[in-house]
Amino acid sequence: MTTAAKRVRGVEHDILQMPQASDVSPYYEPQGNEVAIFEAAYRKRLPIMLKGPTGCGKTRFLEHMAAELKRPLVTVSCHEDLTSSDLVGRFLIEGAETVWQDGPLTRAVKSGAICYLDEIVEARTDSTVVIHALTDHRRKLSIEKKGQEIDAHEDFLLVISYNPGYQTVLKDLKQSTKQRFIAINFDFPNEETERKIIANEVPGMSPDIVNKLVAAGRKARLLKDHGLEEATSTRALVYAANMMSAGLDPVTACQVAMINPLTDDIELAEAMLEIIRAHFQA
């Protein structure tokens with residue numbers, strides 16, 4: 001293969017991997033001043049940390065903001081096997097050649113996308129270290145395997161999510177990492193907002209059913225301090241509403257969306273079921 005052909009192939013390869021901005025802004029119902037905070041941080045290109053429980057709307061908020069700002073969004077779901085090479089890139093063998101393939105973080109840095117590291121605390125320590133130079137005045141990404149440092153595109157923004165209530169002492173973000181971010185706190189929406197969200201996500205639901213569903217979910221949420229590891233999320237309520245819309249009776253829909261995924265404890269499950277029945281069979 002000629003040098004020119006290799007160059008063309010490489011350019012085409014990069015274009016195919018370039019993230020694209022969304023043309024449609026996903027629905028998001030603001031809970032406070034989080035939109036203004038995000039916009040201010042983005043104007044200054046300050047990295048952002050979204051803090052809050054699972055299913056409270058952090059990812060939807062970021063998808064909404066990326067679309068509003070007309071920026072591509074690169075999302076990485078972090079896990080315990082995620083390495084710095086998974087983020088930055090690695091050498092691969094293609095036929096008789098060794099070629100470099102950029103990782104999602106590198107592609108975002110080069111193209112000026114928003115890079116979202118979802119539940120970053122789940123990733124290995126070396127994965128969090130690699131972002132440090134991107135989160136201060138340097139805004140650089142070091143690619144050690146290539147001996148390169150890349151200046152971040154002027155539009156690049158790093159965003160991470162973090163669930164403080166889920167972590168342990170052995171698995172938490174270091175203070176030196178946390179203090180590199182602007183932090184926006186999230187929680188489950190208030191009752192009125194949660195009703196609006198469900199009505200929008202599942203069109204056609206009767207207001208009475210939506211009211212009962214939200215009331216039941218908020219009551220069930222109180223069990224988090226009595227044995228449940230996670231509270232009933234807004235996402236779970238939306239799933240329950242979708243199951244009702246698909247034809248399931250309300251009690252069964254709530255059971256499969258709000259109870260079964262959260263607990264295997266028979267007593268806790270029964271307590272949650274009683275809450276559901278009290279709202280839908282009264």
### Task
Report, by residue number, each residue of the stretch 132-149 that is in contact with a strand residue (DSSP E or B) (Cβ under 6 Å, 6 or more places away or on another chain) and not polar (S, T, N, Q).
A133, L134, K140, L141, E149
### Query
Considering S77, S111, which residue is among the polar types (S, T, N, Q) and touching a strand residue (DSSP E or B) at 6+ places or on another chain (Cβ under 8 Å)?
S77
### Summary
Being surrounded by fewer than 17 Cβ atoms within 10 Å (Cβ to Cβ), over 30 Å from P47 (Cα atoms) and either in the same structural domain as M49 (by TED's automatic domain parsing) or touching a residue at least 12 places away in the same chain (Cβ under 8 Å) (or both) narrows Q255, Q281 down to just Q281
### Message
So, R195, is that one buried (at least 20 other Cβ atoms within 10 Å of the Cβ) and part of a helix (DSSP H, G or I) or not?
### Response
yes
### Query
If only one of L228, L268, L273, L248 is among the aliphatic types (A, V, I, L, M), crowded, with 16+ Cβ neighbours inside 10 Å and within 23 Å of the chain's Cα centre (by Cα), which one is it?
L228
### Message
Looking at (1) in contact with a Gly (Cβ under 8 Å, 6 or more places away or on another chain); (2) surrounded by fewer than 20 Cβ atoms within 10 Å (Cβ to Cβ), which one does L87 not meet, given that it meets all the others?
### Response
(2)
### Message
For the structure I just gave you, tell me whether R45 is surrounded by fewer than 20 Cβ atoms within 10 Å (Cβ to Cβ), of a type in the set (K, R) and outside any helix (DSSP H, G or I).
### Response
yes
### Task
Considering only the stretch 105-186, give the strands (runs of 3 or more DSSP E) lying wholly within it that have at least 2 residues that are crowded, with 18+ Cβ neighbours inside 10 Å.
114-118, 140-143, 157-162
### Flag if L92 is surrounded by 15 or more Cβ atoms within 10 Å (Cβ to Cβ) and either free of Cβ contacts under 8 Å to residues at least 12 places away in the same chain or in the same structural domain as Q175 (by TED's automatic domain parsing) (or both)
no
### Query
Are any of the residues in the stretch 216-232 of a type outside the set (A, V, I, L, M), farther than 16 Å from C56 by Cβ and not in a helix (DSSP H, G or I)?
yes
### Task
Give me a count of the residues in the stretch 70-84 that are part of a loop (DSSP other than H, G, I, E, B) and surrounded by 18 or more Cβ atoms within 10 Å (Cβ to Cβ).
4
### Task
Find the residue count for the stretch 258-276, including only residues that are in a helix (DSSP H, G or I), free of Cβ contacts under 8 Å to residues at least 60 places away in the same chain and either aliphatic (A, V, I, L, M) or not assigned by TED's automatic domain parsing to the domain that holds L223 (or both).
9
### Query
Can you find a residue in the stretch 31-46 that is modelled with pLDDT under 95 and assigned by TED's automatic domain parsing to the domain that holds G147?
yes
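The values are calculated or read from the model by the stated rules, or taken from the named source; none is laboratory data. Since we're looking at a predicted model, the values are computed, not measured. Backbone-built Cβ (ideal geometry, glycine too); neighbour counts: all protein chains shown.
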